[in-house]
Amino acid sequence: MLFIDKFLCEDSDKNIVTDNPRPRFSFSLKSDRNGTKLSSAKLSIGDWNITTNDQIGIEYTGKALEPFTTYEAELEVIDDQGEKGVSRLTFETGRLDQSWEGRWITDGDYSFREKKVSPVPMVFRKDIAINKKVKSAKIYSTAMGMYTAYLNGKRVGKDHFAPGFTSYKTNLQYQVYDVTSMLTDGQNHVSVIVSGGWAVGSFVFSRVNRVTADRQALLMELRIEYANGTFEVIGTDNSWMVSLNGPVKEADIYDGEVYDATVKESGMTWRFASDEKLKVHPQISATYGSLVCEHERFKPVSVTQIGGDGSKSHKPKYIYDFGQNFAGIIELKIKNAVRGQKITVTHAEILKEDGTLNTDFLRSAKARIEFICEEGEQVYAPQFTYMGFRYACVEGIDAGDVEVTAIALYSDIETNGSFECSNKALNQLQSNIVWGAKSNFVEIPTDCPQRDERMGWTGDIAVFAPTAVYNFRLKRFLTKWLKDMRAEQKRTGGIPNTIPSQGFGFPATMPVMAVDFWGDASVLVPWALYQATGDIKVLEDNYDMMCKYVKACIRWAGLFSLGKNRYIWNTLSVLHFGDWVAPDVPQMSQWQGRSKWTATASLAHTSGLLSKISDLLGKENEKSYYEKISKATSEAYRSKLMDEQCHLKGEEFQTGYVLPISFDMLEGDDKKKAAKALADMVVKNKYCIGTGFPGTPYILFALADNGYVDEAYKMLLNDKCPSWLYEVKVGATTIWERWDGLDENGNCPIGDDGTDKMISYNHYASGAVGDFLYRRVLGIEPTEAGYKSFKVEPVVGDEINHAKGSVGTPYGDIAVSWEKTSDGYRMEIQVPVGTTATVYKPDGKKAVLESGTHVL
Ligand code: BGC
């Protein structure tokens, strides 16, 4: 039997609304017969069809699609034995080029000038009379700010933080909500709360506000199709009402929310909304990223009462521990409340020695919610904020009168992989890596979810992307972010350090210049995404950006220097991040002081990748140009920064070896010598890690792939600080920013060390070791992008007896498990239809496998 397992339009199979005039389709197959091959596939939409052998990126090229229309796509597949499979999928077009009948509206009397705060949330409302039978009704909406819409008192949609975070100057998403079943005959009531969000509210650690707009604005249409065939569009205009004294009194991404449940619409002051003239003119498209929604719900694992001797002045506080650090919100289910009773919740990642919350490292973020109750029972969860936390302190209500649940919020991304093995601590590390990702894939790839940053720091995802795409399907999520990166690239080729930069421009020169590793995200993220998805369009779309960026790197490296020195990138090194957070040197200036090495290696790497990418895109001249640059840079690193013995001249540090080894900058004996020097350093350092962001993803590969498997495993399994498993040993449930974030007693030993309290317990960058878990411990690695062909080659360490896991590919799931047996090894491998696996068994033998399940 042949089945179509997944059939996707625009990388999604649910609620698809697209403004792409040429939507793209992909599919994967399943069969109960080993060795099944796709013979041909026919995709039909209306009277258009295409017959193909491709499974990825099949583009609709028929006649122009109509806006606001539902289409059915039919896919028929035949395999090499004539078995057939059929699947259907509906997708809807958005507005395409249709202009909005609704207009941008705001509260024309509201202007706020205060710095570093978020505006008062606005509430818009409109009464709508319906007196005909409705066939279908949809809301099309977007905002400057963050909005939640309600129809007849019920929340519309399940997402949080609409319209999402984009480079608002250029790109803005709108959402489409089907509200057919929410409308009633007669009077209907639409209300929308719009907070400042990223566009208007205070954001980035300097807390700038009004970056994109001076105040919030709303753009909405309710489009109704009646049963009698007539249509009506009710758009935002001056007949809508607006109020500034709704129930959400304050809303700020970092600070939290203040909500007064005693406020009712009838008691609010209303005036007519005014038209708003925006400062920006973005292209407004149907959601093409992955909006944030609610995921896991956590019950507390413990509740501890602090204080409370019964007197009024000593009310008890309760510390709830949810057992997991994550990004999200608290939901309060309250009973027996007295009208006006005030409940506050503060959030933190760690506790102080006395058991109270340690909020020191949140910096200016208040991460606090305040809820003013109405009488009796009620449920509240904030809408316009989120926190990074494991612990919450609830005050103002008796623990018996409130049920406290924590809800993880992150983008709507699907899990793509799994990893487990015989070592429990490594399994916890894998879980920490996954939670590090979930907590930081909130609309954009962020650095951390708790303090006053939560920004799209490019360097973090540059190093984490290969691990991220093993664990999650990130096509829409990262493609959206890369679109913003293209929009924000400077004319000079530099990439801002945070995307969207949304007011962040510090120091002033940075966005103009190219910054190694951080700017490399423009090459490394598309490359990782291409490897995982096999979709060449990812490279095509970003090619110009990559070329401009790498050319900028070449220019900056060569500034004020001659000869080979042109390739040693040492210009304005204090503005680079170097070996960021390397634990073997304590000071920020020392991390940055290593940027001559990291930047030079980064140039060799990005230019080398760009040469490969140029080749894939058939660009011969560029291929050889970038190849030459990469070679010359590698050679400069070898001769200028290393001595005869391939030892680093001057200070020796792990990253200084890891990068040239991993980026193929050294050949033959040179590579061997450098690998030996690295292995010696690692042994001398008692297998503790010494790398910052740039070296961490690659160090175990640099060891294991060059004859030091034992050293790689000793480093992976080491639990002395600094190491991955040290964090696990002392109870981490996510990945930390600093390797020594907590001492063995659970206290933070770092204090104020001149990094502006840069101590986060939820930073995914050093979780980049996940790539090694999949590629080497489990052994799954693509040999052709998208896993059309892949290899399975576990690198077996003494201490691990079995490992198993899976990786989602565009063709279906690969599953691998291996175990040591009394007489050797047993391996079980599932190969998706349409792919070929080459298996290198631990005994050195090789097998080539077609689709199906195989036991070796
Ligand atoms: C962020 C990092 C980021 C770094 C760059 C920090 O404050 O949290 O993860 O990449 O700054 O300097």
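Values in this text are rule-based calculations from the coordinates and carry no lab data. From a predicted model like this one, the values you see are computed outputs, not experimental measurements. Cβ: placed from backbone, ideal geometry, glycine included. Neighbour counts: every protein chain shown.
Quote the relative contact order of the chain in percent (integer), defining contacts as alpha-carbon pairs under 8 Å separated by 6+ residues. Let's see the in-between values first.
Working: 2167 pairs, mean separation 92.0, N = 856.
It comes to 11 percent, rounded to a whole number.
Pairs of Cα atoms nearer than 8 Å and 6+ residues apart set the relative contact order; for the stretch 1-159 it is 21 percent. Residues in the stretch 232-237 carry Karplus couplings, in order, of 9, 10, 10, x, 4, 7 Hz; the curve used is 6.51 cos²θ - 1.76 cosθ + 1.60 with θ = phi - 60°, and Gly or Pro positions show x.
Per DSSP H run of n ≥ 4, the term is -39500 (n - 2.57); total these for the chain, divide by its residue number, and report the mean residue ellipticity at 222 nm rounded to 500 deg cm²/dmol. Walk me through the intermediate numbers first.
Values: 14 runs with 176 residues, N = 856.
The helix contribution divided over the chain gives -6500 deg cm²/dmol.
Placing a pseudo-label 7 Å from each Cα along the Cα-to-Cβ vector at ARG271 and LYS640 gives an inter-label distance of 6.3 nm. Restricting the stretch 264-312 to trypsin sites (Lys or Arg not before Pro) that sit in a DSSP loop and have at most 15 other Cβ atoms within 10 Å of their own Cβ leaves LYS264, LYS277, LYS279.
In terms of distances greater than 32 angstrom between alpha carbons, the cross-link table entries LYS564/LYS619; LYS315/LYS366; LYS299/LYS537; LYS14/LYS438; LYS548/LYS804; LYS154/LYS352 yield LYS299/LYS537; LYS548/LYS804; LYS154/LYS352. The H on the amide N of THR835, modeled in the peptide plane, is under 5 Å from the matching H of SER851, each at least 5 residues off or on a different chain.
The residue among LEU96, LEU849, TRP435 whose Cα reaches farthest toward the positive pole of the charge dipole of the chain, with charges on the beta-carbon of Lys, Arg, Asp and Glu, is LEU96. Each of TYR530, TYR567 was scored by other Cβ atoms within 10 Å of its Cβ. Listed from fewest to most, they are TYR530, TYR567. Placing unit charges on the Cβ atoms only, positive for Lys and Arg and negative for Asp and Glu, gives the stretch 149-277 a dipole magnitude near 300 debye about its Cα centre. Projecting the Cα atoms of ILE16, SER614, ASN49 onto the charge dipole of the chain, computed from C-beta unit charges around the Cα centre, puts SER614 farthest toward the positive end. Got a sec? Which residues in the stretch 810-837 would a label at VAL848 touch, if it sits 7 Å along Cα→Cβ and we count backbone N under 11 Å? It comes to 836-837, nothing else. Using the Karplus relation 6.51 cos²θ - 1.76 cosθ + 1.60 with θ = phi - 60°, the per-residue 3J(HN,Hα) values for the stretch 171-185 come to 10, 9, 9, 10, 10, 10, 10, 7, 10, 3, 7, 8, 7, 10, 5 Hz, with x marking Gly and Pro. When only alpha carbons of the stretch 437-529 are considered, Rg and Dmax amount to 12.3, 36 Å. Phi angles of the stretch 639-645 translate, via the Karplus equation with coefficients 6.51, -1.76, 1.60 and θ = phi - 60°, into HN-Hα couplings of 8, 9, 9, 10, 8, 3, 7 Hz per residue; Gly and Pro are given as x.
Would you please put 91-98, 715-722 in order of how densely packed they are, using the mean number of other Cβ atoms within 10 angstrom per residue and starting with the highest?
Numbers: 91-98: 18.0, 715-722: 19.9.
My ranking of the peptides, most packed first, is 715-722, 91-98.
The amide H of ASP255, built 1.01 Å from its N in the peptide plane, has LYS366, ALA367 as neighbours under 5 Å, considering only residues 5 or more places off or on other chains.
Sorted on the mean count of surrounding Cβ atoms within 10 Å across their residues, most packed first, peptides 759-770, 591-602, 344-355, 818-829 read 759-770, 591-602, 344-355, 818-829.
Taking amide H positions as modeled 1.01 Å from N, with prolines and chain starts lacking one, the residues under 5 Å from GLN341 and 5 or more places away or on another chain are CYS373.
Across all Cα atoms of the chain, the radius of gyration (one decimal) and Dmax (whole number) stand at 27.8, 87 Å. When CYS646, CYS688 are sorted by how many other C-beta atoms sit within 10 angstrom of their C-beta, beginning with the fewest, the order is CYS688, CYS646.
For a test of the definition: using alpha carbon positions, the gyration tensor, and the 1.5 limit on a/c, classify the stretch 34-105 as rounded, prolate or oblate. Because a/c hits 1.5 or more and a/b exceeds b/c, the stretch 34-105 counts as prolate. Here the stretch 385-463 and the stretch 122-161 have alpha carbon centers that stand 30 Å from each other.
Highest-first packing order for the peptide set 731-737, 201-207, 435-441 is 435-441, 731-737, 201-207, based on the mean count of other beta carbon atoms within 10 Å. Strictly over 21 Å apart at the Cα level, which of LYS169/LYS277; LYS676/LYS846; LYS631/LYS788 would you flag in this model? Over 21 Å apart, Cα to Cα: LYS676/LYS846; LYS631/LYS788. Each Cα pair under 8 Å and six or more residues apart adds its sequence gap; the mean of these over the residue count of the stretch 116-262 is a relative contact order of 37 percent.
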